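**Student:** Here's a structure for you.
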Amino acid sequence: MPFKKNAFAFGDLTDKRLVDRHLDRLDTHGVSRRDFLALASAGVAAGAAAGLLGSPSVAVAAPSGKLAYLAWTSRVEFMVQASKATQAAAQAFGLGYSYLDGQVDSQRQLNQAEEQFNIGANALILHAPDGSAVKRIAQLAEQNKAYFSNVWATLPWFTPFDASEYYALYAVPEEFSAHRAVTEVLLKTVTERFGGGKILGVTGVPGFSTDSIRSRGRDEAFKAFPKTQLVDQLPGLFNREDSLKATQALLARHSDVVGVVAQNDDVAQGVIAALRNAGLRAGEDVLVVGADGTAEGARAIKSGVQLATSANCPAFQAGFFTAYLHDVLNGWKPRASERMLNWRSVTTTRENVDVYIKRYVDNGDVLPFDYRKMSKIAHPTDWDPQGEITPLDIDVEWAGLPKPEGWAYPKPYLEAKNNGEWEIVKAEYKAHYKIPFFGPSPNA
């Protein structure tokens, strides 16, 4: 351990001003004074010291491995919730944990990844604003013999097979069908309630692969609802403030809309605020749908101001990625069909949101998943993903996006699809899925 310090190395931690100066130097958000003191007094302040000495993190040290979660921003609720759950999952596996805020800067994330590898992180989850740093981080992972996983934004057509075994996993929700489904809920309700009408889109980050696939799913939904029309769209950059501004601009162009498809739940919150400012009632005058299943999205559905979301669930991402990385760190070798995966989002409306809120939002100290049971190492015979997992089809994931010159399907990927492994993996994960994603926590 490069930073062997006790709590007193930080000075007098009863001095509020001194603690505040330490916190000011931590390059992340959401770290309370209480959390910092708990880390220091528990003798795990080495990770915090790393942050103070130039490695921005909220860290907990453990001897069996170190996991870093590189989020692209703390302005998006999903990532804040995912970090809290990833820390809980890491603790379940005895892994040290660091959360880093990339501040919507891929170069910053690349630097953070290099720093984390340098101070001993051997497992990394990248949640990036775009795919520009993916290839280089994969190279750094190989050089440091550390395992790297990537969720959502990536370089289209760049796969783990194009790097090394240390680029262990690329996984995302099956976004095309998920966003099509929530859009269908909106269009069906708009048609029934208003006889159809004009719909707006507030999208995410232009060029972001997830934004592209969600837009394709959204657009596909309109084919079955001819009395509705997508009349305009602007990017909300996946956050509330920019989405509020985008919605205000769209409403200035179109005063007679009846629905908005938001590209995530933070975007939906910005849309709802803009509608309120314009004197329109979300849920009554204009219907709004989102994606991701954040706490605020679920509460908005419960209150009636948001119609639906796709429950990707921050805690599921946290548990699934942490268990996967724990397993490869401990010798598990994933098959080709397990290195690119989808999980299924569940369309969430007022009909089923109470179940979601009880388990994932207002759950107090009850963990929503049995994180250790997600592990094939910890539970070799009765492991349970606790969600629907399937191999990822890259032709669906990146449809419509240009392929690099000379690109060819990775040989292991093709072999897995053609030799039966793909279907074997799909059936195996289905057979092991016992604890329902929409149901009570196994820890309740």
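The values are calculated or read from the model by the stated rules, or taken from the named source; none is laboratory data. Predicted model, so just to flag it, every value in this text is computed and none were measured. Note that we place each Cβ from the backbone using ideal geometry, even for glycine, and neighbour counts take in every protein chain shown. When the accessible area is computed, the model is the full protein with side chains, heavy atoms only, and any ligands, DNA or RNA have been set aside. Shrake-Rupley method; radii C 1.70, N 1.55, O 1.52, S 1.80 Å.
**Student:** Pull up all non-local amide H partners of Gly259: gap of 5 or more, or a different chain, and H-to-H distance under 5 Å with H placed in the peptide plane.
**Tutor:** Long-range HN contacts for Gly259: Leu200, Leu287.
**Student:** Roughly how many nanometres apart are two label points built 7 Å out from the Cα toward the Cβ at Ala431 and Thr381?
**Tutor:** For Ala431 paired with Thr381, the spin-label model returns 1.4 nm.
**Student:** Once you charge only the Cβ atoms, +1 for Lys and Arg and -1 for Asp and Glu, what is the size of the charge dipole of segment 170-246 about its Cα centre, to the nearest 20 debye?
**Tutor:** Using only the charged Cβ atoms, the result is roughly 260 debye.
**Student:** As I understand it, the dipole of the chain uses +1 on the Cβ of Lys and Arg and -1 on the Cβ of Asp and Glu, about the Cα centre. Which of Asn352, Pro410, Thr189 lies farthest toward its positive end?
**Tutor:** Toward the positive end, the furthest listed residue is Asn352.
**Student:** Then there's this: Any idea what angle helix 209-221 forms with the longest principal axis of the chain, computed on alpha-carbon atoms, 0 to 90 degrees, nearest 10?
**Tutor:** On a 0 to 90 degree scale, this one is about 30.
**Student:** Let me ask you something else. How large is the charge dipole for the chain, taken about the Cα centre, if only the Cβ atoms of Lys, Arg (+1) and Asp, Glu (-1) carry charge, to the nearest 20 debye?
**Tutor:** 460
**Student:** For the chain, find the longest principal axis of its Cα atoms and tell me its angle to the long axis of helix 265-277, 0 to 90°, nearest 10.
**Tutor:** 50
**Student:** Note the angle between two axes, namely the Cα long axis of helix 175-194 and the longest principal axis of the Cα atoms of the chain, as a number of degrees from 0 to 90, rounded to the nearest 10.
**Tutor:** Rounded to the nearest ten degrees, it is 30.
**Student:** Label 7 Å along Cα→Cβ of Glu165; segment 403-444 residues with amide nitrogen under 17 Å?
**Tutor:** 412-413
**Student:** Let me ask something additional. So which trypsin sites (Lys or Arg not before Pro) in segment 278-325 are both in a DSSP loop and have at most 14 other Cβ atoms within 10 Å of their Cβ?
**Tutor:** Answer in residue order: Arg281.
**Student:** In the chain, with Lys and Arg counted as +1 and Asp and Glu as -1 at Cβ, which of these residues, Pro385, Phe148, Val305, has the Cα nearest the positive end of the dipole, that is, farthest along it?
**Tutor:** Of the candidates, Val305 comes out farthest on the positive side.
**Student:** Rounding to the nearest 20 debye, state how big the charge dipole of segment 170-212 is about its Cα centre with +1 on each Lys and Arg Cβ and -1 on each Asp and Glu Cβ.
**Tutor:** With Lys and Arg at +1 and Asp and Glu at -1, about 240 debye.
**Student:** Please compute the alpha carbon radius of gyration of segment 247-379, then divide it by the globular-protein estimate 2.2 N^0.38 Å. Two decimals is fine.
**Tutor:** Ratio of Cα Rg to 2.2 N^0.38 Å: 1.32.
**Student:** Select from Tyr167, Ile125, Leu67 the residue farthest towards the positive end of the dipole of segment 60-192; place +1 on Cβ of Lys and Arg, -1 on Cβ of Asp and Glu, and compute about the Cα centre.
**Tutor:** Leu67
**Student:** Hey, another quick one. I'd like to check one number: the per residue accessible area of segment 170-315, probe 1.4 Å, reported in Å² as a whole number.
**Tutor:** For segment 170-315, the per-residue accessible area is 34 Å².
**Student:** A follow-up question, please. Give me the aspartates and glutamates in straight-line cross-link reach of Lys403: C-alpha distance below 19 Å, same-chain residues under 8 apart excluded.
**Tutor:** Once the sequence-local aspartates and glutamates are set aside, what remains near Lys403 is Asp130, Asp162, Asp211, Asp393, Asp395.
**Student:** So, one more: Return the carbon/sulfur percentage of the accessible area of the chain, one whole number, probe 1.4 Å, all protein chains in place.
**Tutor:** Ligands and nucleic acids excluded, carbon and sulfur reach 51 percent.
**Student:** In this model, which of Lys227/Lys358; Lys333/Lys373; Lys302/Lys373 are farther than 28 Å apart at the alpha-carbon?
**Tutor:** Beyond 28 Å between Cα atoms: Lys227/Lys358; Lys302/Lys373.
**Student:** While we're looking at this one, here's another question. Output the relative contact order of segment 259-337, whole-number percent, from Cα pairs under 8 angstrom with separation of 6+ residues.
**Tutor:** The normalised contact order for segment 259-337 reaches 26 percent.
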